[in-house]
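Chemist: One structure is given below, represented as structure tokens, and several questions about it will come after.
The values are calculated or read from the model by the stated rules, or taken from the named source; none is laboratory data. None of these values were measured; they are calculated from a predicted model. Positions of Cβ are generated from backbone atoms using ideal geometry, with glycine treated the same way; all protein chains shown enter the neighbour counts. What goes into the accessible areas is simple: the full protein's heavy atoms, side chains included, and nothing from ligands, DNA or RNA. Shrake-Rupley method; radii C 1.70, N 1.55, O 1.52, S 1.80 Å.
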Amino acid sequence: MSSPAAAPSARAPRSGTGTPARPADEAGRDSSHGAGRRSPATHGARPALLIAAVLVILLALCIASLAIGSRPVPPSTVLRVLLDALTHLRGGGSGVRAGSLGLSVQDYAAVSDLRLPRTTIALLAGAALGLAGALIQSLTRNPMAESGILGLNAGAAFAVALAITVLGITSPAGFVWFALLGAFVGTVAVWLIGTAGGAVSPERLTLAGVALGAVLAGITSAMRLTNPQRFSALLVWESGDLSQRGWSLVVPALPFLAVGVVLALLLAPGMNLLALGDDLAVAAGAHLLRIRVLMVLAITLLAGAATVMAGPISFVGLMAPHVARWIVGPDQRRLLPLAMAISAGVMLVADVLARVIIWPSEAPAGIVAAVVGAPVLIVLVRRTRASGL
């Protein structure tokens, strides 16, 4: 994590002398500022083709996620099961549907009952993490920030640990509301601490998130050590293992995820103005406090919903916005949707690798994402300079 003290170096020059600000273009960019420059990857490349390639790869990864596992299923069978499952959502059990298609019951059940919800969770959680990561990096002006920076993961884990200790809840499906509540309370606490005194400072928000996250993580670890057997379900949830999750985790989180996505995409023009620096953004008509409050709300909804479904996954939300920025540049209106697609693809790759890396057993997707994501991010940063915000 980069030092918050380094964040101002990426900011736009402020117009503190009262010099009239240079008007931003229709994308909210100023040609005199680094945010208005195109990223190295866009020179000579065609972002539209790269975006199309990302979407095609994402579709192929979905098919692979449905086909690959301890019981391999041919892609043609996957497509038949997928089409049948989507057109007969209430059309009977796997045995009946498999018989009507002339397929193996085991193949049908593996795709429709196990891998379809698992793939959906990887897709949705990955997209939410990428979008939340882009918002967090823009809000904190820290290119190495992700959902843990605002205390969201620690708040969710602490609330789940309390639910286990006080109420005896041990099922991942029972963690849903506690994880969402913990993520929300943790983010609000960071906001209140970071804005104490009236000023909204990204540096203070970052420091408050790191401090509160460390305190809550320490308390949660102490609670876990008192009774490791009782907290085994929490360990599975925190590891990001997607094999034991199903639709019961998707349905409660889906409304929060949908609201968070819509809100984040609507904030894209305002985020472009924030990239100019506070003075220029105000001169351009931006309401800084309102934009930042709504960004915190969107981050809470997105990262909270993703954490509920997949557990506290690291590196996905950190890496995807950088890759998207290198492809389409700093314009948030194009960066945010692409970050969603890239992070969803990264989560699918991590989950598929988790199934085959120690086949026939499985590794937690969250651990694979961290193991694969960290070196990939280092390589990308070394090949292309860390993108400015």
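Chemist: Collect the residues in segment 38-96 that are closer than 30 Å to Trp326 by Cβ, modelled with pLDDT of 85 or more and not in a helix (DSSP H, G or I), keeping them in residue-number order.
Modeler: Ile68
Chemist: Residue by residue through segment 310-341, note down the ones that are under 15 Å from Ile121 (Cα atoms), at pLDDT 85 or above and open to solvent by 20 Å² or more (accessible area, probe 1.4 Å).
Modeler: Met340
Chemist: Further question: Here is a list: Val316, Val352, Val323, Val346. Which entry is free of Cβ contacts under 8 Å to residues at least 60 places away in the same chain and closer than 18 Å to Ala370 by Cα?
Modeler: It is Val323.
The rows are residues; the columns are (1) in contact with a helix residue (DSSP H, G or I) (Cβ under 6 Å, 6 or more places away or on another chain); (2) closer than 30 Å to Ala233 by Cβ; (3) not β-branched (Val, Ile, Thr).
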position: Leu280; (1), (2), (3): no, no, yes
position: Leu294; (1), (2), (3): no, no, yes
position: Ile299; (1), (2), (3): yes, yes, no
position: Ala306; (1), (2), (3): yes, yes, yes
position: Val328; (1), (2), (3): yes, no, no
position: Gly345; (1), (2), (3): yes, yes, yes
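Chemist: Let me ask another. Would you check if Thr226 is among the polar types (S, T, N, Q), open to solvent by less than 60 Å² (accessible area, probe 1.4 Å) and over 22 Å from the mean Cα position of the chain (by Cα)?
Modeler: So Thr226 fails the test.
Chemist: Could you figure out which of (1) open to solvent by 20 Å² or more (accessible area, probe 1.4 Å); (2) at pLDDT 80 or above; (3) not acidic (Asp, Glu) isn't true of Ser201?
Modeler: Result: Ser201 passes all but (2).
Chemist: Based on this model, can you work out whether Val210 counts as modelled with pLDDT of 80 or more, in a helix (DSSP H, G or I), under 26 Å from Ala365 (Cα atoms) and open to solvent by 40 Å² or more (accessible area, probe 1.4 Å)?
Modeler: yes
Chemist: Name the single residue, out of those in segment 68-85 being touching a residue at least 40 places away in the same chain (Cβ under 8 Å) and of a type in the set (Gly, Ala, Ser), that is surrounded by the most Cβ atoms within 10 Å (Cβ to Cβ).
Modeler: Gly69
Chemist: Follow-up. Would you confirm, using the coordinates I've provided, whether Leu353 is within 17 Å of Leu58 (Cα to Cα), open to solvent by 60 Å² or more (accessible area, probe 1.4 Å) and at pLDDT 85 or above?
Modeler: Yes; evaluated as a whole, the condition is true for this residue.
Chemist: For the list (1) within 24 Å of the chain's Cα centre (by Cα); (2) at pLDDT below 75, I need the number of the one condition that Thr19 fails.
Modeler: (1) is the only condition that Thr19 fails.
Chemist: Restricting the search to segment 134-161, which residues are closer than 19 Å to Ala370 by Cα and modelled with pLDDT of 90 or more?
Modeler: Residue satisfying the conditions is Ala134 alone.
Chemist: Could you grab me the full set of residues in segment 239-256 that are open to solvent by 40 Å² or more (accessible area, probe 1.4 Å), among the polar types (S, T, N, Q) and part of a helix (DSSP H, G or I)?
Modeler: Ser248
Chemist: Scan segment 265-284 for residues that are at pLDDT 90 or above and in a loop (DSSP other than H, G, I, E, B) and report the count.
Modeler: 1
Chemist: Take segment 188-198 and flag every residue that is crowded, with 19+ Cβ neighbours inside 10 Å and modelled with pLDDT of 80 or more.
Modeler: Passing the criteria: only Val190.
Chemist: Quickly run through segment 164-184 and pick out the residues that are open to solvent by 10 Å² or more (accessible area, probe 1.4 Å), assigned to a helix (DSSP H, G or I), more than 19 Å from Leu257 (Cβ to Cβ) and of a type in the set (A, V, I, L, M).
Modeler: Result: Val166, Leu167.
Chemist: Let me ask another. Of the residues in segment 148-163, how many are buried (at least 24 other Cβ atoms within 10 Å of the Cβ) and assigned to a helix (DSSP H, G or I)?
Modeler: Selection size over segment 148-163: 10.
Chemist: Still on this structure: Assuming Val236 fulfils every condition listed in (1) at pLDDT below 85; (2) crowded, with 19+ Cβ neighbours inside 10 Å apart from one, which condition is it?
Modeler: Every listed condition holds for Val236 apart from (2).
Chemist: Please find, among Ala305, Ala320, the residue that is in contact with a Leu (Cβ under 6 Å, 6 or more places away or on another chain) and of a type outside the set (Ser, Thr, Tyr).
Modeler: Sole residue among the options that is in contact with a Leu (Cβ under 6 Å, 6 or more places away or on another chain) and of a type outside the set (Ser, Thr, Tyr): Ala305.
Chemist: Which members of segment 103-125 meet the condition of being open to solvent by less than 30 Å² (accessible area, probe 1.4 Å), within 16 Å of the chain's Cα centre (by Cα) and of a type in the set (A, V, I, L, M)?
Modeler: Ile121, Ala122, Ala125
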